[in-house]
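Have a look at the structure below, then the notes.
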Amino acid sequence: MAIEQIGLKDNFFELGGHSLSVTKLISKIQKEYSIKISMNKIFEHPILEDQSRLIENSIIVHQNSINKDQQIEFENFSI
């Protein structure tokens with residue numbers, strides 16, 4: 001059965017996703033965005049829109065941690 005259209009409200013697993021495809025998805029997300037998302041999070045949030053939000057939030061958290069690290073380095077810099 002071919003899928004004609006995929007929408008934000010679609011369920012990853014109802015579209016044919018399974019544990020192996022979750023592993024592949026996590027790997028692609030990590031490679032593309034330099035963030036880590038657990039398998040459990042994908043199972044907890046099977047709706048594509050929720051997964052998108054999860055990725056966006058993880059990117060923000062990652063960027064904030066980098067900014068904090070840079071700020072700490074700057075504050076610890078002495079002349």
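Brief remarks on what is shown
- Top-ranked residue in segment 22-69 [being touching a residue at least 24 places away in the same chain (Cβ under 8 Å) and in contact with a His (Cβ under 6 Å, 6 or more places away or on another chain); ranked as farthest from Asn11 (Cα to Cα)]: Ile35
- Hey, Lys31 surrounded by 10 or more Cβ atoms within 10 Å (Cβ to Cβ) and modelled with pLDDT of 90 or more or not: no
- Unmet criterion (only one of (1) more than 12 Å from the chain's Cα centre (by Cα); (2) polar (S, T, N, Q); (3) loosely packed, with under 12 Cβ neighbours inside 10 Å; (4) assigned to a helix (DSSP H, G or I)) for Ser21: (3)
- Inside segment 34-56, residues that are modelled with pLDDT under 95 and part of a helix (DSSP H, G or I) make up a count of 0.
The values are calculated or read from the model by the stated rules, or taken from the named source; none is laboratory data. Model, not experiment: these values are computed from the prediction. Counting neighbours? That spans all protein chains shown, and the Cβs are built from the backbone with ideal geometry, glycine included.
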